[in-house]
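Taking it in order: structure first as structure tokens, then the write-up.
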Amino acid sequence: MVAPLPLPTGERGRVRGSNLEIGILHVIARETMSSRTAKVPQTQFRKRDLFYLVPLWFISLIAPDPYLYHKKGFKKKDIFYLAVICLAPLIWSDSHFHHLMVLAGIYAILALGLSLFMGYAGQISLGHAAFFGIGAYTTAILTTRYAVPTFLAFWASALTAALIAHLMGRPILKLKGYFLALATLGFGEIFLVIVRESTNLTGGVIGIFGIPWFSVLGFSFDTYLKQYYLAWGVVTGLFIFSKNLVRSKVGRALLAVAASEDAASSVGMNVSKTKLEIFVLGAAFAGWAGSLFACIMSTASPEAFSLGFTILVVMMVVLGGMGNLYGPIGGALLLTWLMDLLSKYQEYSLPIYSVILILFLIFFPDGIGARLNVRVIYLIGYWAKKKKRNKGKL
Amino acid sequence: MLLLSIEELIKEYDGIRALDRVSLKVEKGRIKGLIGPNGAGKSTLFHLISGVEKPDSGKIFFKEKNITSMEPHERSALGIGRTFQTLQIWGNMTVVENIMAGMNRRLKGGFLSCGLWLPWIRRSENEALKEAKEILDSLGLLGKWESLASQLPYGKQKLLELGRALAMKPELLLLDEPASGLTPLEIEQLSEQVSQIRQEGVTVFIVEHHMGMVMEIADEIAVLHNGELIAEGTPEAVRKNPQVIEAYLARRSHTNPALPEL
């Protein structure tokens, strides 16, 4: 019996190089150590090692390394992700998959904006669905009532959401923690009430129908495949923007505000301005996502922007991992896919969904991005050792 | 030249006068110490200068400009840097990022230009990184520049906080009990750092319990007792001042026998 080595915790910054590479070293060390203490003559190399070392090395190529996100710019892995995003719909050419990925892309935009506000600046917003709704309704109203081109409506949506966020944020962002959560929650509910009651403008509970496809200069995004590239093109653009943001002075200001507001203002950072700016940016992201959503679903109705939807987006950010930008995109993909998978179980889908979410939160408290690497290594290492131990007993 | 001037400051908490008509002056290029028994109002005075709290009456002038009603970040933008009595580093950032965040005020660029990573942003980021490493080098922290700040030992975190305050190039540096919790060796290093900072032309205003350190490095010392300024002058003069001795001895005999010798 060998005492287990401590898990590679992968504390950010202390390790140089990839988290997974360290993990592989750990597995190797554990393997060699256990064989030494058991006084088994040490073998040079076993074919069995390939079972986990090769897959681990492969995973280390593709899995993002959230601990190192802050100091590096773009890496080769990002090009790999981009290639996967570009090629996936061509390889998996199935219209259901395409539609699902379009939705996941839209949620990813939303989660990206929220993760800047929650994961970096350390604030809480439970009213993000309202900005998504504002974006969707702006596009719906402009395109159906005033025949504004969708491309212009796309920008107008983000602008409207940002403007309203600016007006809301000034008083609301003075609050902190639970109070901020409650205030934003209230804002989301007020938005829903306004949408339902102002029948002339928004069509009330029925909503607005017949929103045209998104089109740029006469090119219409009328198939799922085209929409896929539209949505993920926007995700890529906004991801690059966010990544640049968090590695520059703005990112440092956000992290500083999250950790200690007193210290942030002691070096001349305007804390309330920083919070307001990132809130407005998150709202603009949501406005863009809402505009795309309206164009792709061709409808806008109030139930799409309820509290449940906000919670879903917050879950995407939390599950994906706060404080890194790959997390929310991964969370959006995971939850969209999970909801679709469970939808065939009908009335059992919600309980199953909740149980899965709870399990994720228990086993991946820092988000799937941060823990997946370590867990995979742990499981494989454990499996290998168990097999060996059984063999020794025999 | 006069850098900081405090006139007739009054601050009350629930009817208790924490500061009673305190007037102080800090000359440019000097190290001024502020001492006093526990509860004398030293930290309150610091909070008022850095803007965390506002005085009930009185005025504060920095570089002949009235800053009494300014927000903390506006004051630090004018050139008042500070460290905190309870350590306030940003543990979610690396050591070098802490220093670079301290420079933020001097770096150009807003949300849009940073998000688009325009050429001058890249240039200024690279320059900031280089400068931050130089600051870390002078503090002896360069070996740990990539570690998370929360993983440093306490003494190094204190140094990092000092470095962060220096990174914003302040004209006046407020140090709130920098030596608390440090080992004698670390206190010695800190004294050297502070003297070094003064030689670079930064004025230092320091609150400290560690008498040995403050008597050694300060050019001038002010003594607060029960919210009033009871003495001001060179370390020797303060040490011999009967009022000061009484204030400390009275405390020493009754409540706090462990207070250090003057």
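Worth pointing out:
- Of the residues B:Arg75, B:Arg198, the one with the fewest other Cβ atoms within 10 Å heads the list, and the complete ranking is B:Arg198, B:Arg75.
- Built amide H within the under 5 Å cut-off of B:Leu34, gap 5+: B:Ile206, B:Val207, B:Glu208, B:Ala222
- Fewest-first sequence of A:Asp366, B:Asp14, B:Asp176, A:Asp222 by Cβ atoms within 10 Å of each Cβ: B:Asp14, A:Asp222, A:Asp366, B:Asp176
- The B:Ile245 and B:Asp219 beta-carbon pair, evaluated with R₀ = 25 Å, returns a calculated FRET efficiency of approximately 0.75.
- Computed from the Cβ-Cβ distance with R0 of 56 Å, the FRET efficiency linking B:Glu53 to A:Leu152 stands at 0.65.
- Residues A:Leu90 and B:Arg21, FRET efficiency given R0 of 60 Å [Cβ-Cβ distance, rounded to 0.05]: 0.15
- For chain B, a simple Cβ point-charge model (Lys and Arg +1, Asp and Glu -1, everything else neutral) yields a dipole of about 580 debye relative to the Cα centre.
- Among B:Thr183, A:Thr202, A:Thr184, a tally of other beta-carbon atoms within 10 Å of each Cβ gives an order, fewest to most, of B:Thr183, A:Thr202, A:Thr184.
- For segment A:82-95, 3J(HN,Hα) per residue [Karplus equation, 6.51 cos²θ - 1.76 cosθ + 1.60, θ = phi - 60°, Hz, x = Gly/Pro]: 4, 4, 4, 4, 5, 8, 3, x, 6, 6, 9, 8, 9, 5
- With each label modelled as a point 7 angstrom along the Cα→C-beta vector, the A:Thr199-B:Glu127 pair spans 6.3 nm.
- Estimated inter-spin distance, B:Met1 and A:Ser343, nm [label 7 Å along Cα→Cβ]: 7.0 nm
- Per-residue mean of C-beta atoms belonging to partner chains within 10 Å, peptide A:250-262: 6
- Rounded if a/c under 1.5, otherwise prolate or oblate - chain B, Cα gyration tensor axes: prolate
- Gain upon complete extension [B:Ser180, B:Lys28; 0.36 nm per residue less C-alpha separation]: 52.1 nm
- Label zone at B:Thr234, where the point sits 7 Å out along the Cα-to-Cβ direction: segment B:13-41 residues whose backbone N lies under 20 Å: B:25-35
- Shape of segment B:54-125, Cα gyration tensor, a/c cut at 1.5: oblate
- Under a 5 Å amide H cut-off, with hydrogens placed 1.01 Å from N, B:His225 pairs with B:Ile230 among residues at least 5 apart or on other chains.
The numbers here are math on the coordinates, done by the rules we state, and not lab data. No experiment lies behind these values; they were computed from the predicted model shown. Note that we place each Cβ from the backbone using ideal geometry, even for glycine, and neighbour counts take in every protein chain shown.
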